[in-house]
Structures are given as C-alpha cells and as structure tokens.
1. Could you give the accessible area per residue of the chain, probe 1.4 Å, as a whole number in Å²?
2. What ³J(HN,Hα) values, in whole Hz, does the Karplus curve 6.51 cos²θ - 1.76 cosθ + 1.60 give for the stretch 287-298 when θ = phi - 60°, with x put for Gly and Pro?
3. For residue 66, which aspartates and glutamates qualify as cross-link partners when the Cα separation must be under 15 Å and same-chain residues fewer than eight apart are set aside?
4. List the residues whose amide H sits under 5 Å from the amide H of residue 153, counting only those 5 or more places along or on another chain, with H placed 1.01 Å from N in the peptide plane.
5. For the stretch 1-101, what does the alpha-carbon gyration tensor say about shape, rounded, prolate or oblate, given a ≥ b ≥ c as the root eigenvalues, a/c under 1.5 as rounded, and a/b over b/c as prolate?
6. Find the centroid of the Cα atoms in the stretch 277-294 and in the stretch 37-94, then give the distance between the two in whole Å.
7. May I ask you to list the chymotrypsin sites (Phe, Trp or Tyr not before Pro) in the stretch 233-312 that are in a DSSP loop and have at most 16 other Cβ atoms within 10 Å of their Cβ?
8. Using a 1.4 Å probe and ignoring any ligands, DNA or RNA, find the accessible area of residue 210 and quote it in Å² to the nearest 10.
Amino acid sequence: EVRGDEKIEQKYAHTISTLPKKKSWGQELHRYQGFWYFPVALDGVMSVQHNFKARPTDILLVSSPKSGTTWLKALTFAIVNRNVDDHTSNQVMHSSNPHEYVPHIEVVHLYTNNTITGLDAMPSPRILATHIPYSSLPKSTKDESGCRIVYISRDIKDVFVSDWHFFNNNNQPDSKEPFSLEEAFESYCDGVSAYGPIWDHQLEYWKASIERPQDVMFLRYEEMMEDPVNSVKRLAEFVAQPFSVEEEEGGVVEEIVKVCSFEYLKNLEVNKEGEFRCSNMKFKKQSFFRRGVVGDSRRCLTPEMIERLDKIAEMTMPSSGSNP
Ligand code: A3P
C-alpha cells in the first residue's frame, strides 16, 4: 500500500527527474520554472505550490538567500509582537534563532495528509518566509485577499560573497577543499545559484512592488543599514502596525533596531553555537552572522569580477533611479 504522502513524494521526484540539471556548488542543481534550485529545496517548493494557503493576515518575508533574511525576520517579529506580550516575545527573541521563530514555508513542508500541518496550526497573524520567486509563488499569496509580501534585496556582489562563505562554512568538512571562489563566481554569473538568477528574482519582486504597492514592499539591505530607524518605521506601517507618537518618543523604534542589529544577534548565546536544523537541512547558527556590512565584495573580489557583476546588474535591471 502506498500512503498519500508517499505518492506525492513520488510525483515530485518524477517531475524533478525531468528538469534541466547542472553540476555546480558540489551538487546537481535543477532548473524549475526559470530558476535554479539545490535538490534539497525543490520538493518543498512544489509542496508549497500545491498546498500552501495564504491568509489575509499573513506577512510573507521574501529574499534571495544571503540578502538579509535573518535580519528581516528578527525585525518583523519584533515589530509585530511588540505589544502582544512583551515578555514572551522578548524571551523568544533571546532564546531562539530568527529562523526558528519565523519558518520558511518551503522548508517546513510536511506532507502529512497533503497539508502543511505545521503552518496550518500557527495562529494569525503568521509571519512566514520564503525564497520562492514571485512568478512561482502559490496563487493564494497574490489574490485580492492575499497576504502582505515584504522583499529584501541586496547588492548582488555582496550576496555572492556572502553566499560563497556560507556555502563553504556549512558544506565543506575541514578535510575537504572549499568550493573555489572562481568556480562559484562563474556559476553565479550564469545564474546557477540557489534560487538564481538573483537579478531575475529581484526584478520580479521589484515589478510586483510597483504594480501592487499596497501588497508588496521592496526593501534594500543597503538603505536599511544606512537608516534603520526609518526603515523600521516604514516596515511597521506597511504591516499595518505603525508606531504611535508615544512609542516613537519612548524610543521603541530604536530599541527594536538595537535588539535586531547584527552585533546584538551575533552575540546572543543562542546564535554562537549549534546548528539550526529543519527538515533535511542543517546550518551552523553562527554562519548566519558573518560580517554584516555593505560592500564586503570589494574586499573579496577582483576589479574584473566586480565589473562583470555590475554589468550584469546594469543589463538585467531597469536603469531608472529606482531600479532594484
Ligand atoms: P554577510 O555574509 O555579508 O556578513 P541571510 O540572512 O539572508 O542568510 O543573509 C545573511 C547575511 O546577512 C550575512 O551577510 C549576515 O552577516 C547578514 N546579517 C545577519 N544578520 C544581520 C543583521 N541583524 N543586520 C545586518 N546584517 C545581518
């Protein structure tokens, strides 16, 4: 007898076996609906497409990997929960990694009875996250009564450098040679990286934010670093939880910025050691907090590499003042 969830797994496995593939990053990536995926992520994406039902109260945080997901998760959680139960949310934020209190929908893909049970059981308003490209998001996230989507974008050069470090930090046992920067770079420039090409990923969300500004917000890592207080205020307004005058005068915004800052999160005991495990993936918690600066790619890439990625960004993204 074949269980329902086994049948679904077989169906996904069959679809995956028919997809275009490329060897890179020490594995075989698959191209699905125009984007590249590590095999470990793909059945989760398909499961989300088939099963995930957005609620109007949902807040969906979206990013390309290494664009500031962890930061956005902490900020949004802190904003939304600031008046719920101060003690509890504070405790959650100090005792867990942001990836534990804001789940990635394609990673929490439990197909029991063909539903994403863990997510269904979450009380509203849910704060959820995903790396799924806009064009591949399940329909319910884009309906009239759909959720709010917050996208964080980052300079693709810094994302590449961050991604390369993260990959080697998590995937290479000490005895193994790290995946070379040069090889990773070629792949990245071909768009072959997790959820890549990143420029298409960013562009899709940027367009959506222009077309549906009420529902899709487009944030930039660099702007948030430059003016975190203002960014946090804008984010709070977007998720319909603006700060009151009393809160602003009382320093609530600054406090949120502080407890979500790179230094603060990095130095929490809970983020110093151990692994974050979810489904069939595991990552060192400290690998989510590396340097947390703008322009680190200048330190790590050659001028030629920088030029090449800048050209790609120029060619693939609109050249208006408000380009992604
Ligand atoms: P670097 O590798 O450049 O340091 P993601 O959260 O999407 O995986 O992205 C990780 C990147 O965001 C890493 O970049 C990490 O250091 C940085 N980061 C993590 N927490 C941050 C925070 N609170 N503020 C700013 N940057 C942060």
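1. I get 48 Å² per residue for the chain.
2. 6, 7, 10, 9, 10, x, 10, 8, x, 5, 4, 5
3. 155, 158, 163, 222, 296
4. When sequence neighbours closer than 5 places are left aside, the close amide H contacts are 219, 220, 221.
5. Prolate, since a/c reaches 1.5 and a/b exceeds b/c.
6. Here the answer is 15 Å between Cα centres.
7. none
8. Counting only protein heavy atoms, residue 210 exposes about 100 Å² to solvent.
The values are calculated or read from the model by the stated rules, or taken from the named source; none is laboratory data. Quantities reported herein were computed from a predicted structural model and do not represent experimental measurements. Note that we place each Cβ from the backbone using ideal geometry, even for glycine, and neighbour counts take in every protein chain shown. Surface areas here come from the heavy atoms of the whole protein model, side chains and all, with no ligands, DNA or RNA. Shrake-Rupley method; radii C 1.70, N 1.55, O 1.52, S 1.80 Å.
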